[in-house]
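Please read through the structure below; I'll follow up with questions.
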Amino acid sequence: MRRRQPLASLILLALVAAACSPAPTTTTATSPDVSTSSATTTTTTSANAAQSSTVGAAGIGDEYYPTLGNGGYDVEHYDLDLFYDPDDNTLDAAVIITAVATQDLTAFNLDFTGFDIVDLRVGDLPAMFERNAGELTITPEVPIASGERFEVTIAYAGNPTASSSPAFDRVAIGWREGPDGEQYIVAEPDAAHTWFPSNDHPLDKATFSFIVTVPDGYAVGATGEFLGIEPGHQVGETLSYTWEMSTPMAPYLATIVIGEGYQLVEDPVSSEAAGIPVRNFLPADLVANPPDALDDTGEMLTVLEEAFGPYPFDRYGITVVGGFPAALENQTFSVFGRVIVDSPFFEFVLVHELAHQWFGNSVSVAQWSDIWLNEGFATYSELLWIEHRQGRAVYDQVVADRRQAASTAGYAPPGLPPPTDLFNGGVYQLGGLLLADLRVEIGDDAFFTLLRTYAAQFAHGNATTQDFIAIAEDISGQDLDEFFQVRLYEPL
Ligand SMILES: [Zn+2]
């Protein structure tokens with residue numbers, strides 16, 4: 001559990017004082033209908049009434065990051081209508097969130113930082129709101145009944161910026177700019193709410209629409225399916241690109257990429273091999289000279305489908321950006337830093353991010369502390385690719401080499417990642433080795449049945465370490481408590 005330092009609390013109070021923002025209405029949020037719920041007889045709208053049963057919780061219940069996500073509703077759909085002007089790095093946005101209340105709500109929170117909120121409505125009515133650090137507390141004019149579907153429309157503007165995460169400090173995340181002016185978003189684990197108001201936790205997945213308007217000459221890629229280009233509705237020569245993600249997605253996996261000279265390029269060979277459309281959104285030099293390993297995408301899809309079961313989405317592809325020293329598995333649209341593409345291990349990062357489409361994106365963590373369920377599985381997929389290409393003997397040697405390297409690395413146990421260093425080497429390397437050991441422990445048949453069963457049973461949902469262990473014991477018929485206890489929670 002992380003606790004605020006006193007200094008942080010003082011800063012937080014100052015932010016509350018500075019950022020309390022009335023909606024564009026001068027009325028207080030008294031309810032016009034006092035008969036629908038006993039709670040509506042009060043005019044109290046303070047977010048400080050956080051324990052009231054009709055105020056949605058300010059966190060969704062993540063033990064590592066208590067303010068991430070929110071309670072009281074489930075988001076069904078995010079409609080993001082964005083105008084980005086590269087001349088002055090400004091974003092004008094209108095976001096419509098469709099949600100269903102899971103309790104009576106006189107107030108509820110979204111996660112959101114940065115930007116100026118220009119207008120905020122619940123349904124057709126302006127709503128009161130307060131901003132307090134990353135929490136946006138909304139008090140609708142008319143309380144929302146449990147089970148009711150409602151829309152929140154938020155218009156906001158400002159300069160998008162990168163941010164740091166409490167989970168790790170090695171790389172700035174959020175909205176980033178590359179050396180050629182390309183704009184892109186890498187938001188794991190908690191930066192979705194730095195570019196759009198959201199219920200920013202993998203427990204609340206939703207479908208997405210992206211309508212992104214940019215000056216002529218720029219192209220836009222995004223997670224999901226590309227639906228087309230229309231003349232922009234902004235002043236001047238602009239184009240609006242529409243993308244749609246019709247499969248539920250955790251907010252952190254949403255991304256857009258805006259770049260001059262970028263093109264969406266179909267990969268017919270990989271599409272044919274995998275039986276799903278593969279398309280990549282690439283800068284001009286890589287359109288002309290695609291990296292060799294990209295040709296392997298279709299074969300990688302085939303190998304991973306054999307191991308994990310059917311690919312969980314309806315398309316795949318990657319994009320390449322400058323200035324980002326890593327890669328991130330955005331849903332159906334992995335983002336690769338150019339330095340990764342130019343490295344000798346690009347092939348293995350390709351298979352790693354692809355594996356995350358099953359483990360991370362379709363089956364998502366319910367608690368960020370279970371991150372080994374993402375990274376251990378994706379790391380193990382690198383070993384499966386080695387086995388496929390080079391045979392079992394080389395696989396065994398690489399497992400042994402990785403175990404040797406891990407033995408002196410001082411990693412935290414993969415089931416106990418430090419909250420301030422969530423993506424430490426333990427969740428990758430020790431998580432991957434755990435799966436290699438499990439395969440030996442229960443045998444190939446049970447092991448791959450387990451992976452396919454786990455991927456299918458929790459598809460497009462969330463799973464915990466205990467869920468995985470329960471299926472492993474069920475399929476193998478073995479008591480694996482000691483096996484997992486040692487490898488997840490004890491030092492190597
Ligand atoms: Zn990964």
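By count of other Cβ within 10 Å, fewest leading, how are ASP296, ASP401 ordered?
Exposure proxy ranking, most exposed first: ASP401, ASP296.
Another question, then. Give me the Kirkwood hydrodynamic radius of the range 171-260, using the inverse of the mean 1/r over all pairs of distinct Cα atoms, in Å to one decimal.
Hydrodynamic radius (Kirkwood, Cα only) of the range 171-260 equals 13.7 Å.
Another question, if that's okay. What is the angle, in °, between the Cα long axis of helix 465-476 and the longest principal axis of the Cα atoms in the chain? Nearest 10 is fine, range 0 to 90.
With both axes taken from Cα atoms, the answer is about 40 degrees.
Further question on the same structure: From Cα coordinates alone, what are the radius of gyration and Dmax values for the chain in angstrom?
That works out to 23.2, 73 Å for Rg and Dmax.
OK, next. If I fit a long axis through the Cα atoms of helix 372-390 and take the longest principal axis of the Cα atoms of the chain, what angle between them do I get, 0 to 90°, rounded to 10?
The two axes meet at around 30 degrees.
In addition: Would you order ASP74, ASP342, ASP467 from fewest to most other beta-carbon atoms within 10 Å of each residue's own beta-carbon?
Ascending number of Cβ neighbours within 10 Å: ASP342, ASP74, ASP467.
Counting alpha carbon pairs within less than 8 Å and at least 6 residues apart, what relative contact order, in whole percent, applies to the range 285-420?
Here the relative contact order equals 18 percent.
Using the Cβ atoms and a cut-off under 11 Å, what net charge is assigned to the surroundings of ASP296, where Lys and Arg are +1 and Asp and Glu are -1?
-4
Taking the number of other C-beta atoms within 10 Å as the exposure measure, put ARG392, ARG315, ARG338 in order starting with the fewest.
Lowest count first: ARG392, ARG315, ARG338.
Which whole-number percent is the relative contact order of the range 262-357 (Cα, under 8 Å, 6+ apart)?
Reported as a whole number, the value is 24 percent.
Sticking with this structure for a sec: Could you quote the convex hull projected area for the range 365-489, Cα atoms only and averaged over all directions, in nm²?
For the Cα atoms of the range 365-489, the hull's average projected area reads 7.4 nm².
Only helical DSSP H runs with n ≥ 4 go in: add -39500 (n - 2.57) per run for the chain, normalise by residue count and round the 222 nm mean residue ellipticity to 500 deg cm²/dmol.
Calculated at 222 nm, the ellipticity per residue is -8500 deg cm²/dmol.
Turning to a different aspect of this structure: Treat the range 298-448 as a sphere of radius equal to its Kirkwood radius over Cα pairs and apply Stokes-Einstein at 10 °C in a medium of 1.306 mPa s; give the translational diffusion coefficient in µm²/s, rounded to a whole number.
100 µm²/s
Moving on to the next point. Lys and Arg at +1, Asp and Glu at -1: add these up for the other residues within a Cβ distance under 12 Å of ARG315 and post the number.
-4
Pull up the DSSP beta bridges for the chain and report the antiparallel fraction as a percent, rounded to 5.
For the chain, the DSSP antiparallel bridge percentage is about 80.
Relative contact order for the chain: what percent, with Cα pairs under 8 Å and sequence separation of 6 or more?
This gives 11 percent for the chain.
Regarding the range 337-378, what's the average projected area of the Cα-atom convex hull, expressed in nm²?
Taking a quarter of the hull surface, the average projection is 3.1 nm².
If you take every DSSP beta bridge fully contained in the range 248-361, what fraction is antiparallel? Give it as a percent rounded to 5.
Percentage antiparallel, nearest 5: 50.
What's log10 of I(q)/I(0) for the range 262-357 at q = 0.15, 0.16, 0.19, 0.21 Å⁻¹, Debye sum over Cα points only, no solvent?
-0.51, -0.58, -0.84, -1.04
May I ask for the net charge around ALA187, where only other residues with Cβ less than 12 Å from the Cβ of ALA187 are counted and Lys, Arg are +1 while Asp, Glu are -1?
Around ALA187, the charge tally is -4.
Read the figures in this text as sums done on the coordinates, not as results from a lab. Just so you know, these numbers come straight off a predicted model, no measurement behind them. Cβ sites come from the backbone with ideal geometry, for glycine too, and all protein chains shown count toward neighbours.
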